[in-house]
Every structure is written in structure tokens, then in C-alpha cells.
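Read the figures in this text as sums done on the coordinates, not as results from a lab. All values derive from a computational prediction rather than experimental measurement. Because the Cβ atoms are built from the backbone with ideal geometry, glycine has one as well, and the counts that use them run over all protein chains shown.
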Ligand code: NAD
Ligand code: 6OD
């Protein structure tokens with residue numbers, strides 16, 4: 001039985017309250033998670049604040065970069081430990097954790113270390129009407145103590161996506177991982193010590209959101225900025241907390257992402273790409289496609305091909321090398337997804353595939369399993385078409401014109417991502433420019449260049465991270481004006 005302790009000031013510590021950590025594949029107990037109260041959160045913030053004033057605050061950029069390279073290398077050396085921890089917490093296939101979660105966990109440290117090393121400095125020469133002259137130099141400094149609040153769907157990837165640039169910029173962090181997935185963030189504490197990252201630079205407090213570690217951390221007056229990934233409603237609560245003391249926030253929230261499939265697409269590629277965008281990680285991806293719009297001439301063929309491909313998905317435990325889909329994150333989330341499956345039927349859907357709970361092999365019956373599901377025939381204002389389900393499911397609807405599909409795709413409060421499938425480049429650009437989202441993928445999905453802006457429009461978030469946009473968020477930009 002494992003114990004998931006807080007990591008504060010370079011040490012693993014316990015607290016009075018605990019709760020269970022379960023593996024959602026079979027509902028077995030993995031171990032005990034300590035829940036941080038105000039005292040532990042305050043201890044972590046004090047450690048992070050003190051570390052800013054210690055050796056870490058004085059490290060040269062080159063020395064910081066070397067340290068972050070070491071962290072990335074150590075994650076790769078302990079690759080299988082991270083795979084095991086991530087797969088147990090989430091129930092995802094180990095093959096997926098090996099392919100996406102853990103490599104990105106390491107890359108997030110390397111890429112942002114390179115980024116800060118190569119950041120150019122902005123400078124302006126000023127000449128006033130009276131002949132006065134000055135040189136202005138922009139200078140980046142760390143923002144200070146950063147609270148990182150992360151979700152459960154890609155725990156290591158999404159935590160390091162924020163911790164990597166935050167540390168590269170010279171800040172200190174306190175991470176509050178999701179209560180569902182404490183393991184890889186805790187392991188990261190071990191890695192930080194193994195690499196010689198000074199005590200207090202990286203801290204972890206476990207617990208829940210409201211009236212627990214999440215709220216205590218985001219309302220702490222000595223936290224200088226908050227970076228959050230999770231549901232839009234949680235983002236609203238965090239934005240309120242951040243307003244006290246005018247702290248900076250970065251919010252990466254939910255989505256109800258469309259895929260638009262034009263008749264001039266490469267149909268095989270569009271089907272294969274949509275298979276990934278709907279079903280990868282059991283549909284628990286903020287960027288996942290939940291609404292598919294297909295141009296009428298190829299509608300029937302597309303539905304048939306997607307259903308045929310999805311019917312071959314093999315559900316299985318993390319260790320099952322043949323499985324290409326795992327379970328949902330928890331029994332609670334399973335109930336939420338199943339309630340949408342039921343609602344789809346009540347709202348008039350034709351169930352093309354799935355819609356229920358699969359029969360799993362012995363030992364997995366108690367897990368959080370749901371069937372990959374495809375619907376057609378829902379009205380445009382159905383809740384299943386409007387609300388984020390966060391499961392392995394999509395609704396497919398035909399369309400007749402570019403204008404119509406843009407109207408349909410944009411008819412949502414969310415604005416995270418979209419994918420467009422067409423072989424016509426002019427159309428791809430025209431449509432992409434009119435989609436009210438932060439990211440558009442043309443003839444692909446979740447192809448990530450970490451130098452690019454990442455974030456959502458509308459209620460999918462505030463701000464952009466990635467590349468220089470992360471540096472913008474994690475640094476304070478100062479102008480130094482020198483009269484000549
Ligand atoms: P969630 O909002 O329930 O929880 C996210 C984190 O916030 C957890 O650590 C939780 O404990 C904490 N939290 C909850 N309430 C809080 C509060 N009042 N104060 C402080 N912390 C609080 O989200 P989730 O269920 O873990 O993740 C799924 C959601 O995340 C989906 O909506 C998904 O679309 C979204 N998501 C978005 C992105 C993105 O990049 N835009 C990426 C991944 C997931
Ligand atoms: O790839 C990333 O950097 C990123 N933030 C992915 C988000 C995935 C959402 O589930």
C-alpha cells in the first residue's frame with residue numbers, strides 16, 4: 001500500500017487527514033493520500049517564498065537550464081516508474097502513458113529551458129524633441145511564488161507543462177495535483193531532490209478543491225500568480241480567488257470541440273484522425289472532438305467507417321498490451337458519462353455504437369468502464385451537443401455549406417480547439433480563421449509544437465501558454481530606461 005505525502009521544502013511530510021487513492025480499472029485501493037490543511041499549505045508557501053530569496057533566486061540562467069535538463073534526464077531514467085504510477089492512477093493503457101504522458105513530462109522541462117536561454121531582449125533608443133536621448137532595455141524577472149492547480153486526465157504532462165516554464169523563468173512552485181492522481185507529481189518531488197533542485201523550489205500539497213488544499217492555496221496572500229487547468233466552473237472560482245490582491249491567472253478550461261469534415265477530404269485520414277480525436281485517453285482530453293460535422297455527400301460513408309473502426313477498439317487494463325483504450329478516471333465520472341448516454345437517448349439520438357457499460361474480463365468488473373459511443377440525429381440544442389461530456393463519445397451531424405457549418409461549430413460557449421479535414425488549402429485557411437477557438441488542427445489533431453500559443457477562446461480559458469507566451473505569464477517584464 002502506497003502513501004502519497006506532501007513535498008514541502010524538500011521533504012516528504014504527512015498531515016492529519018487522509019483519503020483513499022483507487023485504481024479506476026478495477027476499483028482497487030492503491031494507497032493513502034494525505035490531505036493538506038491550511039497549515040501545510042502555509043508551510044509550502046513559506047518554503048517557496050524563502051527559496052526565492054535563497055540560492056535559487058541567485059542562480060544564473062545557464063545554471064537553471066542545466067538543472068532543468070537534469071530533471072528531464074532523470075524523468076527519462078525513471079521512465080517506467082512514471083509510466084506505472086500514471087497508469088495505476090488513471091487506468092490508462094501503459095502504451096499511451098509511454099507514448100504521450102511521460103515523454104511530454106520530460107520534454108516540458110527541456111523545451112522551456114531552451115526557450116529561456118534563447119529569449120531575446122527588447123530594446124528601444126529614445127530621442128526626445130529637446131535632444132534628450134535614452135536607451136530602454138526590457139528585463140524579465142521571475143514573478144515569484146506560483147500556484148499550479150492541475151487536473152487528472154494527463155497528470156504529469158499538464159503539471160509539467162506549467163512547472164517547466166515556471167521554473168525555467170526562475171519562479172518557485174506549489175503544485176496541487178488532482179485528488180484523483182497524486183502519484184506522478186509526488187514522484188517528481190523525488191526527482192527534484194535527486195537532481196539537487198534546492199529545497200522549497202518545487203512543493204506539492206495534496207487534497208481537494210473547495211475548503212481544502214486547492215482553495216487554501218489559491219486564496220493564500222503570498223501566492224503571486226495562479227495557473228490552472230480544469231473545468232470552466234472551477235476556473236471561475238479560481239478567478240474570484242485571484243482577484244483578491246490582483247494576482248495573475250492563466251486558465252486552461254473545458255471544451256466542446258468540433259471536427260469539420262468536408263467532402264473533399266482524404267476520407268481514410270479523416271476517419272483515422274477522428275478516431276484519435278474522439279477516443280484517445282477514453283475521450284478525456286480537453287481538446288477531444290465531441291461534435292463531428294460531415295458534409296452531406298460523404299455523411300453515410302463517414303459514419304459507417306467511424307463506427308466500424310470504433311467497434312474494433314479493445315478495452316483493457318493498463319498492462320494489457322493489446323488494449324488501446326482504458327477506463328474513465330473514477331466511478332463518479334463513469335456515472336456522469338453514463339447519465340449523458342441516457343440523456344442522449346431521451347433527447348432523441350440514434351445510437352450508432354455503444355451507449356452502455358461493456359462486459360469486462362474477470363477482475364475488471366468493478367472498474368469505471370464505458371463503451372465507445374457514437375450518436376446521430378440529435379437536435380442542435382440538445383444538452384449532449386452543447387455540454388462537455390469528457391468521455392469516449394461523439395455526435396455526428398451532416399451539413400450542406402461552409403456558412404452553415406461555421407454557424408454550427410461556433411454555436412457554443414466554449415472555444416478551445418477544432419479540427420478541419422479538407423484537401424483544399426484555401427478553404428482550410430478560410431474556415432480556420434472564422435472558427436472561434438484557440439487552436440485549429442488541419443488534417444491532424446493534437447500535433448504539438450511547444451513553441452506555439454496554446455489556450456482557449458470564450459469560456460475555454462484566459463491567456464495563452466506555450467513558447468514565449470509561457471515566458472510572458474511566468475515573468476514580470478520590467479523596462480529599464482537609461483538616459484544617455
Ligand atoms: P476540475 O476543475 O474538477 O479540477 C481541476 C483541479 O482543480 C483539481 O486539482 C481540483 O482539486 C482543483 N479544484 C477544484 N475546485 C477548486 C477550487 N474551488 N479552488 C482551487 N482548486 C480547485 O477538473 P478535472 O475534473 O480535474 O479535469 C477535467 C476538466 O479539465 C475538463 O473540463 C477538461 O476539459 C479540463 N481540461 C482543460 C485543459 C486545457 O488545457 N484547456 C486540459 C485538461 C483538462
Ligand atoms: O499539449 C499540451 O501542452 C496541453 N496543454 C494539452 C492539453 C490536453 C488536454 O487534455
**OP:** Could you check the simple spin-label distance between residue 124 and residue 79, using points 7 Å along Cα→Cβ, in nm with one decimal?
**Re:** 4.8 nm
Original post:
Can you give me the relative contact order of the chain as a percent, contacts being Cα pairs under 8 Å and 6 or more apart?
Top reply: 19 percent
Original post:
In whole angstrom, how far apart do the alpha carbon centroids of the stretch 225-283 and the stretch 1-69 sit?
Top reply: 26 Å
Subject >> Solvent-free Debye scattering, log10 I(q)/I(0), computed from the Cα coordinates of the stretch 257-455 at q = 0.13, 0.14, 0.17 Å⁻¹ >> reply: -0.67, -0.77, -1.13
Original post:
So what is the calculated 222 nm ellipticity per residue for the chain, using -39500 (n - 2.57) for each DSSP H run with n of 4 or more, over all residues, to the nearest 500 deg cm²/dmol?
Top reply: -11500 deg cm²/dmol
Original post:
How would you classify the stretch 314-366 from its alpha-carbon gyration tensor, with a ≥ b ≥ c the square roots of the eigenvalues: rounded for a/c under 1.5, else prolate if a/b is greater than b/c, otherwise oblate?
Top reply: prolate
**OP:** Kindly put 130, 320 in sequence by how many other C-beta atoms sit within 10 Å of each C-beta, fewest to most.
**Re:** 130, 320
Subject >> Cα-derived Rg over Rh, computed across the chain with Rh taken as Kirkwood radius >> reply: 1.00
**OP:** Rank by packing, highest mean first: peptides 228-239, 347-358, with packing defined as the count of other Cβ atoms within 10 Å averaged across residues.
**Re:** 228-239, 347-358
Original post:
What ranking of 7, 112 emerges when the number of other C-beta atoms within 10 Å of each C-beta is taken as an exposure proxy, fewest first?
Top reply: 7, 112
Original post:
To the nearest Å, what is the center-to-center distance of the stretch 99-166 and the stretch 365-423, using C-alpha atoms only?
Top reply: 34 Å
Original post:
What order do you get for 26, 380, 211 when you list them from fewest to most C-beta neighbours inside 10 Å?
Top reply: 211, 380, 26
**OP:** Would you please state which residues of the stretch 443-484 a label at residue 133 would reach in this model, taking the label point 7 Å out along Cα→Cβ and a backbone N cut-off of under 12 Å?
**Re:** 483-484
Subject >> Estimated FRET transfer efficiency when R0 is 35 angstrom, pair residue 401-residue 240 (beta carbons, to 0.05) >> reply: 0.25
